[in-house]
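Please read the structure below before turning to the comments.
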Amino acid sequence: LSRDWLLTLLRRIPLPWAQRYLDSHIAVALESLDVFRRWDILLELQVLSLVMWLLGVLVNLLAFFALNLQLPVIASFVVLAITLAGGYIPSSPGKVGVFPWLCTVSLDLFGVDKSMGLTYGILLYLIAYGTPVVLGLVSMWLGGINLRRATAEAQ
């Protein structure tokens, strides 16, 4: 759809209190779709998305090997797809509990025992959520940032 045509259509909505919001926010949101007109950037984004999916599959496979689970490669794709889709389930911060449960349910499709599925889920949770936390803390430490200094500068 043409951006101008869509903006014209949205401006016809009789909401005077929301007109300024529509003009500013929707226009910016629609401008972000300009990437679809640039085939070079679009191709690069698609390749990067594929690489991210394959890295997720690789991490799942490595976790299978770590727990000595003899599963087909498709199991790694299934676990990745279900855990990503299950990320939309409302839960506690950090997806504590939901993520291991989704792994258990995913592996149950391949006949893996629930206790081993839970073990796998906890291991994968530690990898998926622990790695960025550890890398962030190390980066802060290397950058000379600590909690006392950050709160003092904020005040």
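Quick note: the coordinates plus some simple rules give every number you see, no bench work behind them. Because the structure is predicted, anything quoted here is derived from the model rather than measured. Quick reminder, even Gly has a Cβ in these numbers, built from the backbone with ideal geometry, and neighbours come from all protein chains shown.
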Length gained, residue 137-residue 24, 0.36 nm per residue minus C-alpha separation, equals 37.0 nm
Taking springs between alpha-carbon atoms closer than 10 angstrom, which of 27, 85, 66 fluctuates most in the Gaussian network model of the chain?
27
State the answer as a single residue: which of 65, 142, 77 lies farthest towards the positive end of the charge dipole of the chain, with beta carbon charges of +1 for Lys and Arg and -1 for Asp and Glu, about the Cα centre.
142
Across 79, 105, 47, the residue with the highest GNM fluctuation in the chain (Cα network, 10 Å cutoff) is 47
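Considering only the other residues whose Cβ falls under 15 Å of the Cβ of residue 75, what net charge follows from Lys and Arg at +1 and Asp and Glu at -1?
Surrounding charge for residue 75 is -2.
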Find which of 27, 39, 124 sits farthest along the positive direction of the dipole of the chain, computed with +1 on the beta-carbon of Lys and Arg, -1 on that of Asp and Glu, about the Cα centre.
27
Assigned charges on the beta-carbon of Lys, Arg, Asp, Glu; the chain dipole about Cα centre (debye)
360
Could you tell me the convex hull volume per residue, in Å³, taken over the Cα atoms of the stretch 66-133?
84
Which distance in nm do the two modelled labels at residue 73 and residue 129 give, with both placed 7 Å along the Cα-to-Cβ direction?
3.1
Candidates 63, 75, 29, ranked by Gaussian network fluctuation over the chain, Cα under 10 Å, top entry:
29
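Assuming a ≥ b ≥ c are the square roots of the Cα gyration tensor eigenvalues, decide whether the stretch 20-138 counts as rounded (a/c under 1.5), prolate (otherwise, with a/b larger than b/c) or oblate.
Numbers: a/c = 2.29, a/b = 1.83, b/c = 1.25.
Cα axes put the stretch 20-138 in the prolate bin.
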Estimated [θ] at 222 nm from DSSP helical runs (n ≥ 4, -39500 (n - 2.57)) normalised by residues in the chain, nearest 500
-21500 deg cm²/dmol
